[in-house]
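The values are calculated or read from the model by the stated rules, or taken from the named source; none is laboratory data. The structure presented is a predicted model; accordingly, all values stated were derived computationally and were not measured. No Cβ is skipped: glycine too gets one built from the backbone with ideal geometry, and neighbour counts run over all protein chains shown.
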């Protein structure tokens, strides 16, 4: 059986930091309507764009990874919101019709 | 997240200690709360306790700010008594579902590495193995042997703990005689009602893998307090 920690975003974040890579952690803070991943779901991203974990069913991960790159550079946390009412949602396609708020922070 | 917060969080998780991460969404400041921490504002302490009990994250308004409360409960564990055929797909599927699987079977021909690659295997008898595991409310126990010598002491240990799920493989007839034996051990009807038998949801499962699906579905419903 696979090591359960292999897919653990926090374990991976710590591992990447140990290798000297810049890392950001994205966490689902709130959801409305039907959202595939509940609050608390996490995604770790490193400076080269590799990621582990999920904050949606794959709909907004691309946009989150992009924001994470900025957060790694600047160190300022970002609060992202995606949903069908948001123009960005059409781009990244939150097809489930829900809304989700995601907090992205740098791992120091 | 400060590196020291991440390191302490991972230490608590590795030691199977429940812990709550609080993030101030305005300042970005973070703190960890352990149950029984009294150096914490009462409102936050209650929010942390609720988050661990419900295993749900959420935002909370405090006097000063808005905070995100993220519980980290100890890992889910599934104890399988009997390294039989059904245990093989069940161990694999439960691993995928996030359980640490522990297979207990003193019969060395059954609990082999090649039958259970990477799975923790204990070759003690269940009455020695289960109490040593410190069963808790994040554990499920399933007996699969049909053999009273193995199943009964395992059920005895499970019933004396607060595991969230107890299942026991066997026909209605086998289950009735099992309950009769456990009554002799001193368990009353309320205690015995905790045992799901025949085990698993009624989905018409036939093959070992299908039976594993039905058992894992029933365990999931018990964990999430759903009524299928």
- Given the residues B:40, B:20, which is the only one that is assigned to a strand (DSSP E or B) and either modelled with pLDDT under 90 or more than 9 Å from chain A (Cβ to nearest Cβ) (or both)? B:20
- Message: Suppose we filter segment B:79-95 for residues that are part of a loop (DSSP other than H, G, I, E, B) and either surrounded by fewer than 19 Cβ atoms within 10 Å (Cβ to Cβ) or facing chain A (nearest Cβ under 10 Å) (or both); how many remain?
- Response: 1
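Yes/no per residue for (1) over 17 Å from residue B:94 (Cβ atoms); (2) without any contact (Cβ under 8 Å) to a residue 24 or more places away in the chain:
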{"site": "B:139", "(1), (2)": "no, no"}
{"site": "B:148", "(1), (2)": "yes, no"}
{"site": "B:151", "(1), (2)": "yes, no"}
{"site": "B:173", "(1), (2)": "yes, yes"}
{"site": "B:180", "(1), (2)": "yes, yes"}
{"site": "B:184", "(1), (2)": "yes, yes"}
{"site": "B:190", "(1), (2)": "yes, yes"}
- Considering each of A:41, A:56 in turn, give the residue that is closer than 25 Å to residue B:75 by Cβ, within 9 Å of the chain's Cα centre (by Cα) and without any contact (Cβ under 8 Å) to a residue 40 or more places away in the chain. A:41
- Give B:98, B:43 a once-over and let me know the one that is exposed (fewer than 14 other Cβ atoms within 10 Å of the Cβ) and touching a helix residue (DSSP H, G or I) at 6+ places or on another chain (Cβ under 8 Å). B:98
